[in-house]
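**Q** Below: one structure in structure tokens.
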Amino acid sequence: MLSFPKDFIWGVAASAYQIEGAWNEDGRGTSIWDTFSHIPGKVLNNENGDVAADHYHRWKEDVALMSELGVKAYRFSTAWPRILPEGVERVNPKGLDFYDRLVDELLRRGIEPYICLFHWDLPQPLQDQGGWTNRETASHFAEYARVTAERLGDRVKTWFTHNEPWVAAFVGHLFGEHAPGQKDLGAAIKAMHHLLLSHGLAAEAIRAAVKGPVQIGITLNLNPVHPATNSKKDREAAERVDLFMNRIVLDPLLKGTTPIQDSALTKILTARLIQDGDLQKIRQLDLLGVNYYSRTVMKHSNSLPVVNAEQVHPVGNEYSGMWEIYPEGMHETLKMVWEYHPTCELMVTENGIPVPDGVDFDGRVRDERRIRYLRDHIAQVHRAIEDGIPVKGYFHWSLLDNFEWALGYGQRFGLVHVDWKTQKRITKDSGRWFAKVIQENGLDISR
Ligand code: IFM
């Protein structure tokens, strides 16, 4: 049995657009994901988050499911367009009321609410003014943080500003696969900086709004980048990708520097972007959340411009519907962060696997693959703790099957199965397995 520290936080995570639905109810404004997903061809099978897992109406049932699993904490995102439909100024009381009720119900069930303010659903009116490429969006975000913290900060003590800002910047502005669907390196670099800047501004706004102790965090998608071979060219390609995927977010947050100012590739783009004092503002962190799913293996190639690298998928390894399965990467990622000597706390805020689960004849969902994946990854978290890296918690992604962005509803990540026709929830075998891990505060690796 691998035992975890006595106060280890076992949780589940989710995000607003992926589960809430009710996209145009109770005064919610439009987000860039509403716009993007309604454009034919942007999401697999032209699916969208209009209804999703209908959590906006079924939140009580969902909290009860969490309670049955015995989770200690729930990390969820608030939808900016539900709270400020135009992104600025006018507050929608019904939007705040929804999260108010959710927080109360979580606390009533003994589940600690962890709020994340931004999980990619930028209000469309702000996108119309340039979105994250516009520096003003960072100030608007701080205002949204203030409004939300003033209402919920008496009960919510852990606030994440952003979830995976790298994905919002690069997948949304360079690869064009996520909203707002741009393909422009300059826009991606600008968005990246403004997202990080907005973290710092929001941190100050939350601290001013909440009385008493409060923890400000951010969650980052991180992954080790390995060279495909030991050749100098491949090693250099891996280093460049590491800079653009990991260091680009870790350096500003943990060191107060940025590699993009020094990089020959992006020096020109950042010349007037990073203003005096920005880097000090960004470096405000009490808690760093690590989202780990897989590693990246790169070889030198001219096919990906800027970084001159191409991703390869090593043969002989196990894969999921989206990524290579590489549990050791969890330990390596936590070590990579620890080598920065962070003064903030660390936790795993996302880890999980998409499995094409089906309901068996007896109504059970036997998702053995997910159980194996979780066992192997949680064991690596334990290994990191044994090595002296003080990981405070582990949040499974996700509680429910949900809308997996450009891949629609086909990739199921939940511990709880959702029937997309009836919205019926069924706790999967993995859910019961995870509940046992929580109950024992430990991992029986023989199971
Ligand atoms: O579903 C996403 C989530 O929104 C952000 N982190 C990765 C998950 C799986 O792709």
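**Q** Could you please find all residues in segment 186-231 being basic (Lys, Arg) and either closer than 30 Å to residue 306 by Cβ or modelled with pLDDT of 95 or more (or both)?
**A** 190, 207
**Q** Next question. Does segment 334-377 hold any residues that are in a loop (DSSP other than H, G, I, E, B), under 19 Å from residue 14 (Cα atoms), out of contact with any helix residue (DSSP H, G or I) (no Cβ under 7 Å at 6 or more places or on another chain) and at pLDDT 95 or above, and which are they?
**A** 352, 354
**Q** Would you check which residues across segment 236-295 are aromatic (Phe, Trp, Tyr) and within 15 Å of residue 337 (Cβ to Cβ) and list them?
**A** If the condition is that a residue be aromatic (Phe, Trp, Tyr) and within 15 Å of residue 337 (Cβ to Cβ), then 292 is the only one that fits.
**Q** Search segment 204-240 for residues being closer than 26 Å to residue 186 by Cα and under 20 Å from the mean Cα position of the chain (by Cα), and hand back the single one that is surrounded by the most Cβ atoms within 10 Å (Cβ to Cβ).
**A** 218
**Q** Also, I was wondering about something else. Could you please let me know if residue 422 is without any contact (Cβ under 8 Å) to a residue 40 or more places away in the chain and either within 30 Å of residue 120 (Cα to Cα) or under 21 Å from the mean Cα position of the chain (by Cα) (or both)?
**A** Considered against the rule, which asks whether it is without any contact (Cβ under 8 Å) to a residue 40 or more places away in the chain and either within 30 Å of residue 120 (Cα to Cα) or under 21 Å from the mean Cα position of the chain (by Cα) (or both), residue 422 comes out as yes.
**Q** While we're looking at this one, here's another question. Look through 33, 80, 10 and report the one residue that is more than 16 Å from the ligand (Cβ to nearest atom) and aromatic (Phe, Trp, Tyr).
**A** 10
**Q** From the list 273, 285, 195, which residue is in contact with a helix residue (DSSP H, G or I) (Cβ under 7 Å, 6 or more places away or on another chain) and within 16 Å of the ligand (Cβ to nearest atom)?
**A** One residue alone meets the criteria, 195.
**Q** Return the residue satisfying two criteria in turn: it lies in segment 328-371 and is buried (at least 16 other Cβ atoms within 10 Å of the Cβ) and more than 20 Å from residue 164 (Cα to Cα), and of such residues it is farthest from the chain's Cα centre (by Cα).
**A** 365
**Q** Within segment 372-419, take every residue that is basic (Lys, Arg) and in contact (Cβ under 8 Å) with a residue 12 or more places away in the chain and give me the one that is surrounded by the most Cβ atoms within 10 Å (Cβ to Cβ).
**A** Here the residue is 412.
**Q** Would you pick out the residues in segment 397-411 that are touching a strand residue (DSSP E or B) at 6+ places or on another chain (Cβ under 8 Å) and either aliphatic (A, V, I, L, M) or more than 11 Å from the ligand (Cβ to nearest atom) (or both)?
**A** Listed by number, the residues that qualify are 399, 400.
**Q** Of all residues in segment 321-333, count the ones that are of a type in the set (A, V, I, L, M), more than 19 Å from residue 10 (Cβ to Cβ) and without any contact (Cβ under 8 Å) to a residue 60 or more places away in the chain.
**A** Going through segment 321-333 one residue at a time, the tally reaches 1.
**Q** While we're on this one: Within the group 303, 294, which residue is within 30 Å of residue 380 (Cβ to Cβ) and among the polar types (S, T, N, Q)?
**A** Every option except 294 fails the conditions.
The values are calculated or read from the model by the stated rules, or taken from the named source; none is laboratory data. Just so it is clear, the structure is predicted and the values come from calculations on it, not from any experiment. All Cβ positions, glycine included, derive from the backbone under ideal geometry; neighbour counts span all protein chains shown.
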